[in-house]
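All remarks here apply to the structure that follows.
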Amino acid sequence: MAQVGIIMGSNSDLPVMQEAIDVLKGFDIEVEVDIVSAHRTPEKMFDYGKNAHTRGIKVIIAGAGGAAHLPGMIASLSPLPVIGVPVKSRNSIDGWDSVLSILQMPGGVPVATVALDGAKNAGILAAQIIGTSDTCVLDKVIVFKEGLKAKVIEAAKSIK
């Protein structure tokens, strides 16, 4: 059963969002992936936001470009934590429109926002959230973090 829902506004967001999919699969966390447009399929978005938790989803990662309303709208509908991924799309204003649309949420409707095209970090954050109640995932996150540390130590050795 999927624990993380990964949704995006359009198929053009998939190359960016694939990084979150890959990271979560690396942690052996099942994901469901779908295209849910806040502007073109609002009924589908409403259903997804209202019902994801009833299917066992624990975290939603929502990626969107341009006006990027999807993460905030999902957060307004869902009791689950939502991680927003601003995507630099072809109609974007250097990605700033997406970043600010996701980042500037009103009080009471939080969206954890990662960097522009930062789906990898969204996947890691989702794994950390899942790890708060799943010790197998937590152990994998710890190993991952130790791996990051080891890479830095090795890189430091290589320049001395």
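Of note:
- In Hz, Karplus ³J(HN,Hα) per residue of region 75-84 (6.51, -1.76, 1.60; θ = phi - 60°; x = Gly, Pro): 4, 6, 9, 10, x, 8, x, 10, 10, x
- Helical content alone sets the calculated 222 nm signal of the chain at -15000 deg cm²/dmol, taking -39,500 (n - 2.57) per DSSP H segment of four or more residues and averaging over every residue.
- Under the Karplus curve 6.51 cos²θ - 1.76 cosθ + 1.60, θ = phi - 60°, whole-Hz ³J(HN,Hα) for region 56-65, x wherever Gly or Pro sits: x, 5, 10, 9, 10, 10, 10, x, 7, x
- Eligible lysines near Lys151 by straight Cα distance, threshold 25 Å, same-chain separation 8 or greater: Lys25, Lys120, Lys140, Lys160
- Residues whose amide H lies under 5 Å from that of Thr113, counting only those 5 or more places away or on a different chain, are Gly84; hydrogens are built 1.01 Å from N in the peptide plane.
- As a proxy for reagent exposure, Leu100, Leu125, Leu24, Leu148 were ordered by neighbouring Cβ count within 10 angstrom, fewest first; the result is Leu148, Leu100, Leu125, Leu24.
- Candidates Gln104, Ala122, Ile159 compared by Cα position along the dipole of the chain: farthest toward the positive end lies Ile159, with charges placed on Cβ.
- Using only alpha-carbon positions in region 4-158, the gyration tensor eigenvalues give semi-axes of 27, 19, 13 Å once each is multiplied by 5 and square-rooted (largest first).
- HN-Hα J in Hz across region 26-36 - Karplus 6.51, -1.76, 1.60, θ = phi - 60°, x for Gly and Pro: x, 8, 6, 9, 6, 10, 10, 10, 8, 9, 9
- For the chain, the residue among His53, Ala20, Pro79 whose Cα projects farthest onto the positive side of the dipole built from Cβ charges is Ala20.
Since every read-out is calculated from the coordinates, none of them should be taken as a lab result. Computed from a prediction, not measured in an experiment: that's the story for all the values here. Cβ atoms come from the backbone with ideal geometry, glycine included; neighbour counts cover every protein chain shown.
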